[in-house]
1. Using the beta-carbon distance between residue 24 and residue 49 and R0 = 30 Å, what value does 1/(1 + (r/R0)^6) give for FRET efficiency, to the nearest 0.05?
2. Given R₀ = 22 Å, FRET efficiency for residue 13-residue 37 by Cβ-Cβ distance, to 0.05?
3. Using the Kirkwood formula over every pair of different C-alpha atoms, what hydrodynamic radius in Å results for the chain?
Amino acid sequence: MQKNKRFALIASLFTLIGLPIIFLTVSLYTGVWRFFIYSIAPALTAGLTGLIFTMQEIRKDKRVA
C-alpha cells in the first residue's frame, strides 16, 4: 500500500472513530450532550465516505499488482 493510501485510511478511521470520542469527552466534561449528538452525523458521513473510497482504491491496487 502506498503512503498516500495509508494516510487516507488513517485519516478516514480517525474521522470515523476519533472525532466522536473527542466530542464524547467534551460532552462528558461540560454536560452539554449537543456537542456529541451534533458530531455523530458529520463524522459518519465523512468517515464512511473516505473509508469506502480508500478501500476501493486499495482493492484496485491489489487487483493490478
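A short reminder: the numbers here are calculations on the coordinates, not readings from a lab. These numbers come from a predicted model, not from an experiment. Cβ placement follows ideal geometry from the backbone for every residue including glycine, while neighbour counts extend to all protein chains displayed.
1. On the way: r = 21 Å, r/R0 = 0.72.
E(calc), rounded to 0.05, equals 0.90.
2. The value I calculate is 0.50.
3. Values: mean 1/r = 0.0780 Å⁻¹.
Answer for the chain: a Kirkwood hydrodynamic radius of 12.8 Å.
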